[in-house]
Amino acid sequence: MSQPPLFRPPVKILLQILGAVVFACAAVGIVYFSRMIFQNGILLSLAASAALLIPIHFALTTLAHRIIVKSPAGHDSLRNFNRRLITILDIAKLSSFVTVHIKKICDASSSAFILRDENAPQFRVCAAEGIHHVKGRTLAAGGLASWFGTHQNSVMRRSRRFSRRAAAIRTDMDMLSAELCVPLCIGGRLIGILTVGKRHDRRPYTRSQMMFLHALSDEIAIAASNARSYNDLTRTYFETIESFASAIEAKDAYTRGHSDRVTAISLAIAQTLKLSQEHVDTLSYASMLHDIGKISIDGTVLNKPSSLTSDEMSIVRKHPAVGESIIAPIAFLSKARHVVRHHHERWDGKGYPDGIAGERIPLLSRIITVADAFDAITSSRPYRRARTHKEAQHEIIQHRGTQFDPVIVDALMKVPEQQLTTGN
Ligand SMILES: [Fe+2]
């Protein structure tokens with residue numbers, strides 16, 4: 001049952017009542033909330049903050065409406081834009097998203113999103129809407145980027161000062177069909193430029209519209225900076241994982257390239273199963289690292305050309321659990337650690353280290369088990385020749401439902417031959 005409002009502090013600014021903030025809470029929290037209200041006045045502080053935010057929101061909304069007059073599509077676009085902007089962490093997707101939505105919000109004929117190259121001083125068009133053949137082009141020396149490098153105010157074509165701007169600025173704006181250009185800055189440093197073309201109603205942009213676009217450009221600059229940092233971080237993660245995988249293979253002469261091949265086959269199976277991107281990412285890390293625990297095994301055991309003794313076998317059988325413990329402290333591999341632990345379990349429960357069966361084994365581990373077996377069968381060993389893909393498929397089918405999950409075996413059989421050779 002819903003609780004009655006506990007307290008309604010009035011929201012006041014300049015002696016004008018704008019509204020009320022209503023707080024309700026579960027019965028267990030009433031005493032605590034009562035203390036907060038009467039001893040600390042926290043809710044009154046919250047109301048004061050809300051009172052300051054409301055006029056700011058009204059001001060932004062008013063400015064937004066001036067830009068999107070008679071454009072319901074523009075209004076929806078603005079709402080979706082704010083909601084989604086900070087959630088996009090891929091720079092290419094972000095660039096495309098910004099140009100599509102800014103064009104709609106401004107009811108403009110075109111828009112372009114330009115970013116500074118990561119390892120060079122030039123600025124490049126990352127995405128454009130309503131303009132052809134500009135994506136990938138760089139801005140002119142002494143043009144918009146130079147201007148914004150020293151002046152962080154907008155450039156508008158129909159302003160009185162435009163004719164006095166440098167020729168290179170006009171060249172950039174002609175290339176981009178730009179009417180209005182705003183800088184994208186982080187901490188005073190120029191990271192990019194946003195441009196919009198003529199408005200569909202042919203009216204020039206007003207000063208308030210320019211200021212609104214400026215305000216949006218701050219959000220866009222932060223989102224672009226975040227996306228770039230995320231991309232850098234992801235690339236570093238991959239390089240770290242590749243180093244780990246190389247370290248394993250340096251010890252085991254017969255498994256060179258094994259991690260790459262198992263990853264390629266696992267991802268091909270994942271594609272057949274139409275797994276989510278999140279699963280695909282985890283599978284990519286886990287398959288690359290599935291044998292990381294072998295780093296703890298003596299090279300003479302790993303490279304032994306004859307059969308292993310029972311003691312040696314028990315050492316080898318520890319590698320999935322050792323692998324899990326190696327990656328456990330790494331936060332971004334938290335979902336991959338269990339996958340690594342269980343990559344030698346069997347569908348019938350006769351595997352190791354835990355002897356779990358069926359769907360208790362993580363799905364991604366079941367995929368790696370099949371991919372691992374396929375690569376082992378098709379690779380040469382000191383004691384036997386490599387077998388063909390057809391022979392490997394036949395052998396894996398023999399163990400469908402005992403060693404391997406039938407669904408994963410069926411998915412492997414649907415993987416095109418070309419994808420099975422990737423990584424070889
Ligand atoms: Fe393994």
- Fewest Cβ neighbours within 10 Å first, please rank His344, His214 accordingly. His214, His344
- Query: By a straight-distance test (C-alpha under 29 Å), which lysines pair with Lys103 as possible cross-link partners, with residues fewer than eight away in the same chain excluded?
  - Reply: Lys70, Lys93, Lys135, Lys198
- Message: Treating segment 70-229 as a set of equal point scatterers at the Cα positions, no solvent, please give the Debye-formula log₁₀ I(q)/I(0) at q = 0.08, 0.13, 0.21 Å⁻¹.
- Response: -0.19, -0.53, -1.55
- Could you work out the mean projected area of the convex hull around the alpha carbons of segment 290-424, in square nanometres to one decimal? 8.7 nm²
- What is segment 309-406's relative contact order, in percent, from Cα pairs under 8 angstrom and six or more apart in sequence? 21 percent
- Binned at 5 Å starting from 0, the alpha-carbon pair-distance distribution of segment 212-284 in whole percents comes out as 3, 13, 14, 15, 15, 13, 9, 6, 5, 3, 2, 1, 0
- Peptides 232-245, 182-195, 105-118 ordered by average Cβ neighbours within 10 Å, highest first: 105-118, 182-195, 232-245
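Within a 10 angstrom radius of the beta carbon, how do Tyr230, Tyr285, Tyr352 rank from fewest other beta carbons to most?
Result, fewest neighbours first: Tyr230, Tyr352, Tyr285.
Would you order Asp172, Asp252 from fewest to most other beta-carbon atoms within 10 Å of each residue's own beta-carbon?
Working: Asp172 30, Asp252 17.
The fewest-first ordering by Cβ neighbours comes to Asp252, Asp172.
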- Report Rg/Rh for segment 272-332, rounded to two decimals, where Rg is the Cα radius of gyration and Rh the Kirkwood radius. 1.11
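Rule-based calculations on the coordinates, nothing more; no lab input. Being a predicted model, the structure only gives us computed values, none of them experimental. Here the Cβ is made from the backbone with ideal geometry for all residues, glycine too, and neighbour counts use every protein chain on show.
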